[in-house]
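What follows is calculated from the coordinates using simple rules that are stated; it is not laboratory data. This is a predicted model, so every value here is computed, not measured. FYI the Cβ positions are ideal-geometry reconstructions off the backbone, even for glycines, and counts take in every protein chain you see.
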Amino acid sequence: MAEVMTEAPLRIAFLIYRGNPYSGGQGVYTRYLTKALVDLGHEVEVFSGPPYPVLDDGVTFTPVPSLDLYREPDPFRVPWPWEFKSLIDVEEFLIMASGGFPEPRTWSRRIRKVLKGRVGDFDIIHDNQCLGSGLLGVVKDGWPLLTTLHHPITVDRDLDVSHASNPYKLLTLKRWYAFLGMQKRVSKQLPRLITVSSSSKRDITAQMGVPADKMGVVAVGVDHERFRRLPHVKKVKGRLMTTASADVPLKGLMPLLEAVAKVKTERDVTLTLVGKPRSGSKVASRVAELGLQDVVQFATNISDDRMVELFNEAEVAVVPSLYEGFSLPAVEAMACSTALVATTGGALPEVVGTDGTTGILVPPNDPGALAAAIIRVLDDKKLRESLERNGRKRVESMFTWKACAEGTVREYREVLANADR
């Protein structure tokens with residue numbers, strides 16, 4: 001049911017502790033959901049820590065600075081003494097220096113202070129997966145609060161830990177993910193959460209202990225007017241494309257590289273990988289080991305328009321993830337009428353569909369199955385064109401930002417109704 005403006009427009013404070021538009025789904029979610037909310041007639045002010053998000057006209061922005069300890073080109077930096085202006089700054093540095101990730105905790109404490117000075121300015125607060133302990137203070141201060149939890153970060157932690165190459169790496173990973181204990185505790189105490197798929201909802205309940213009746217499901221959208229088929233862009237024969245904001249084990253890049261190496265023995269292919277390997281990552285070395293230097297091309301920090309062009313150039317888009325709470329890359333590929341091969345990891349079957357008409361699904365972490373599916377789609381023009389048409393139709397019927405905003409507003413209204421009881 002569409003959101004009909006029979007009730008007063010809402011004044012929304014949208015919180016994102018790290019607003020980087022190039023850090024994957026959360027930055028995209030912030031930009032397009034806030035724009036869609038404004039398009040529906042609501043007022044939205046985004047409060048973000050650095051790196052700051054890209055936002056559209058009509059969305060108000062208030063920066064909430066931190067020490068920005070992970071900024072490029074000097075991550076894990078030691079701040080100058082005059083940068084420390086509060087005990088929160090000291091806490092942020094000490095947690096980082098001891099190998100932890102401080103931002104959810106420290107930013108949530110900062111935003112509580114900011115909101116205390118804005119009493120009466122907003123009807124509701126929307127937190128985008130900070131889940132810091134300061135949010136309990138925000139609720140205590142009387143603010144109605146809704147939190148988006150895209151997927152349980154316990155999945156990321158468990159996959160990273162399982163891929164640890166030595167005891168030291170294992171120890172540092174466990175320390176880095178120590179913030180999860182706080183997030184699990186906080187998420188169980190918050191009044192209402194939404195997540196992006198039924199798969200994520202089940203996993204959040206199982207792994208983080210959040211009662212299912214405290215969570216709603218609102219699917220993420222795509223800018224389907226921008227992400228579309230471009231008739232003037234020609235498909236590049238044998239071109240594959242994948243999108244990964246980070247080369248963490250969760251995203252399945254290693255199995256994909258092995259699959260591409262297998263495909264290369266039988267077909268002329270190239271792979272465009274949208275994303276930047278982390279410093280010291282294994283991706284570049286694995287590309288060399290597999291002899292794929294002339295096959296794999298990296299594209300980083302590209303514009304939305306260039307992303308659309310890359311999808312249109314590809315004959316096949318691949319989402320090789322071991323797990324996804326949703327999958328914006330899958331939806332973006334379908335919106336661009338690009339044939340899709342994906343895994344069954346997490347919510348991907350829910351997003352892509354399971355009948356084989358909108359995308360081909362294979363088991364996660366199976367390079368052989370991935371290679372076979374890629375070859376099948378490359379070789380079968382009729383299948384490829386059918387996937388292109390049906391994928392676009394699925395997006396138009398299920399995954400628009402307007403629909404996401406309407407569902408989110410319904411959740412806002414429920415939070416506000418419960419707060420008045």
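Computed values, structure above
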| read-out | value |
| --- | --- |
| Region 239-398, relative contact order in percent, only Cα pairs under 8 angstrom and at least six apart counted | 24 |
| Helix 367-379 vs. the chain, principal-axis angle (Cα, 0 to 90°, nearest 10) | 60 |
| Segments 387-396, 319-328, 205-214 sorted - mean Cβ within 10 Å per residue, highest first | 319-328, 387-396, 205-214 |
| The chain: angle of helix 304-313 to the longest principal axis, Cα-based, in degrees nearest 10 | 20 |
| The chain: most fluctuating residue of ILE111, ILE88, ILE194 per GNM, C-alpha cutoff 10 Å | ILE88 |
| HN-Hα J in Hz across region 77-88 - Karplus 6.51, -1.76, 1.60, θ = phi - 60°, x for Gly and Pro | 6, 9, x, 6, x, 6, 6, 7, 10, 7, 5, 5 |
| Protection-proxy order for peptides 73-79, 329-335, 257-263, each taking the mean of Cβ atoms within 10 Å per residue, highest first | 329-335, 257-263, 73-79 |
| Theoretical ellipticity at 222 nm over the chain - DSSP helices of four or more residues, -39500 (n - 2.57) apiece, nearest 500 | -13000 deg cm²/dmol |
| Entry for Rg and Dmax of the Cα atoms in Å (calculated from the structure that is shown) out of (1) 28.2, 96; (2) 21.6, 66; (3) 22.5, 68 | (2) |
| Charged-residue dipole, Cβ positions (Lys, Arg, Asp, Glu), the chain about Cα centre, Debye nearest 20 | 620 |
| Most positive-pole-ward Cα, VAL263, MET334, PRO167, against dipole of the chain from beta carbon charges | PRO167 |
| C-alpha long axis of helix 198-208 to longest principal axis of the chain, angle in ° | 60 |
| Charge tally in the Cβ shell below 9 Å around PHE122, where Lys, Arg are +1 and Asp, Glu are -1, PHE122 excluded | -2 |
| Cα-based shape type of region 255-385, given that a ≥ b ≥ c are square roots of the gyration tensor eigenvalues and the cut on a/c is 1.5 | rounded |
| Those aspartates and glutamates that a straight Cα-Cα span of less than 14 Å connects to LYS382, excepting residues fewer than 8 apart in one chain | GLU315 |
| Packing rank of 94-107, 223-236, where each peptide gets the mean count of other beta carbons within 10 Å, highest leading | 94-107, 223-236 |
| Contact order relative to length of region 91-210, as percent, for alpha carbon pairs under 8 angstrom and 6 or more apart | 29 |
| Cα centroid separation, region 265-320 to region 53-96 (Å) | 31 |
| Relative contact order, percent, the chain [alpha-carbon distance under 8 Å, six or more residues apart] | 15 |
